[in-house]
1. If eta is 1.567 mPa s and T is 4 °C, what Stokes-Einstein diffusion coefficient results for region 80-140, Kirkwood Rh from Cα pairs, in µm²/s?
2. Please give the per residue accessible area of region 91-160, computed with a probe of 1.4 Å over protein heavy atoms only, in Å².
3. Using a 1.4 Å probe and ignoring any ligands, DNA or RNA, find the accessible area of Val161 and quote it in Å² to the nearest 10.
4. If we sort 104-113, 123-132 on the protection proxy, mean other Cβ atoms within 10 Å, highest first, what's the order?
Amino acid sequence: MKQKTVLLSFVFVLLGLMALVSPANAQECTTQYGGEVVCPPTDLTINKQVAHPVVMPTPTKGGVVPTPGAVVYYENLGTGSSFVAGEEVLYRLVVKNTGSVTFTTVTVKDVLPPYLIFEAGPGTYDAATRTLTVVLENVAPGESRTIDFVAKVVSATQFPVNQNVFCVTNYAEARGGNRFDSDTA
């Protein structure tokens, strides 16, 4: 009888430990640009994307410009994708509440890298810190909010002498309550 009690106690302790370990293992981890592995929080996430550079169509005979195809956003652009001086860069931030509680305020910040300047979008832009800040209110459980904005590559005269190719990483973060997540593109 004593062995049966010890065995049952052991089983219950083991099941309790498995219950504690299971949620940590359920978290999805991803590889970010540059190889860094990040495990985002499971209740507030931000996904940073950049639109593929598109060559605008040339005007037709009547001077009418054909409508370009739909904009396609990517996590990260490959080595064959590049922007040129003066070209616009379209960014998209997707903030999602996957938890069960409404975030009354979520502060989203995007820090532009060197050689990009803010052109247009929601929120406020601080040129000194190169930071766009957007405040989202009352983000309900299961809700996603999308923030689109436009940056522009500086003119070639602002590049360092003898350098016209750059690989830049753009950083964004979302903070709501005591939750935080970040992403790069």
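The values are calculated or read from the model by the stated rules, or taken from the named source; none is laboratory data. The model shown is predicted, which means the values in this text are computed figures rather than measured ones. Glycine gets a Cβ as well: all are built from the backbone with ideal geometry, and neighbour counts include every protein chain shown. We work out accessible area using only protein heavy atoms, side chains counted, and drop any ligands, DNA or RNA first. Shrake-Rupley method; radii C 1.70, N 1.55, O 1.52, S 1.80 Å.
1. Details: Rh = 13.7 Å.
D = 95 µm²/s.
2. Details: 3480 Å² over 70 residues.
For region 91-160, the per-residue accessible area is 50 Å².
3. Its heavy atoms expose roughly 130 Å² to the probe.
4. Working: 104-113: 17.9, 123-132: 13.8.
Per-residue mean Cβ counts within 10 Å order the peptides as 104-113, 123-132.
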